[in-house]
Amino acid sequence: MLMSLPLVLRTRSELRGYTSAFSNGNLGFVPTMGALHEGHLSLVKCAVEAHEGSVVSIFVNPTQFGPNDDFHKYPRSLEQDLKRLAGSGVGAVFAPDVAEMYPEGAQTLVHVAGLTEGLCGPVRPGHFDGVATVVAKLFHAVGPCTAYFGRKDFQQLAVIRRMVADLFMPVRVEGVATLRDPDGLAMSSRNAYLRADERAHALCISRGLRAAQRAFAAGERRVAELHALVLSELLQEVSRIDYVSVVDPDSLVALNGLVHERALVAVAAYVGTTRLIDNTELGVDRSP
Ligand code: AMP
């Protein structure tokens, strides 16, 4: 059976043509940078199921990449993405170009302070300003009642929630569980960079996080022990570790001593030249 491709809208004015039909606000939104995989599609499913209208944006946002990041080589595959979205029920795809999102003369950046000081913040200066800015612009352009973000990018989710609360944005932000390949690797557009041998090394990240999860379930509460468990899985396998951190899941501040109720264990590491992030939440029952 032929599945219809979603509507592709290139400008904010075309987008309004679609979104204005949902002026009651019953619109779900999934911002992405494309190179869509099943993880993205799980967010799309949430948006489609809960709303009359739904929009997926596909935009590789230059302001969230540093000078040494992979902006130019980031996978771009709009046609394939549209095929992947066919049959998902999504109403429209917003795929603007850079000039549409950042018209000449644009000077405004959104900066979320405290939450961006740890984890990826120091190693990717300016990254979260770029993320918060583009998401704020997309929220204004789309006007959704609910937006869906992956828990895999846990710090990003926290930053967006903070921005929405601080700027009184009328958007509900939903965090969606991380989708993994059967062997545990968190799905990511950047996995496409990995050679087969690198992909095998990359499994150490989810292995380490599972080890922390198992130890926590068995009663381990010492932050240093949980940290060491993850680190020991990584050491022989990755080419560089940006961080292994055990943090408070609300403030993202590093924990010392013991985990009391909940913690986030977060990892950012390079396998070859590919930077991967992943995390697990301790003390949170996410089973259905
Ligand atoms: P990206 O295209 O990488 O900017 O991701 C777009 C959205 O998809 C973000 O909210 C991500 O957190 C989310 N996402 C990426 N990978 C996954 C995954 N494996 N499972 C669930 N959500 C994901």
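The values are calculated or read from the model by the stated rules, or taken from the named source; none is laboratory data. What you see is a predicted model, and the numbers here were worked out from it, not measured in a lab. No Cβ is skipped: glycine too gets one built from the backbone with ideal geometry, and neighbour counts run over all protein chains shown.
Observations on the model:
- Listed by first and then second residue, the pairs linking a residue in segment 224-242 that is more than 9 Å from C204 (Cα to Cα) to a residue that is exposed (fewer than 13 other Cβ atoms within 10 Å of the Cβ) and not aromatic (F, W, Y), with Cβ atoms under 6 Å apart and 6 or more places separating them unless they lie on different chains, are D242/V123.
- Elements of type helices (runs of 4 or more DSSP H) contained in segment 143-246, each with 2 or more residues being within 16 Å of the ligand (Cβ to nearest atom) and more than 19 Å from the chain's Cα centre (by Cα): 196-217
- Pairing residues of segment 30-56 that are touching a residue at least 12 places away in the same chain (Cβ under 8 Å) with residues that are among the polar types (S, T, N, Q) and more than 7 Å from the ligand (Cβ to nearest atom), at Cβ distances under 6 Å and at least 6 apart in sequence or on separate chains, gives P31/S57; A35/S77; V44/S88; A47/S54; V48/S54; H51/N26; E52/N26.
- Selection status of F94, under 20 Å from Q156 (Cβ atoms) and free of Cβ contacts under 8 Å to residues at least 40 places away in the same chain: no
- Residues that are among the hydroxyl-bearing types (S, T, Y) and at pLDDT 95 or above within segment 21-43 comprise T32, S42, listed in sequence order.
To keep it simple, each residue is scored yes or no on (1) near the ligand (Cβ under 9 Å from one of its atoms); (2) farther than 28 Å from D129 by Cα.
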site	(1), (2)
T11	no, no
E14	no, no
Y18	no, yes
N24	no, yes
T32	yes, no
E38	yes, no
V48	no, yes
E52	no, yes
N61	yes, no
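- Some residue of segment 57-69 being surrounded by 15 or more Cβ atoms within 10 Å (Cβ to Cβ), free of Cβ contacts under 8 Å to residues at least 40 places away in the same chain, touching a Leu at 6+ places or on another chain (Cβ under 8 Å) and within 30 Å of V123 (Cβ to Cβ): yes
- The condition (being of a type in the set (S, T, N, Q) and in a strand (DSSP E or B)) is satisfied by just one residue among N279, N256: N279.
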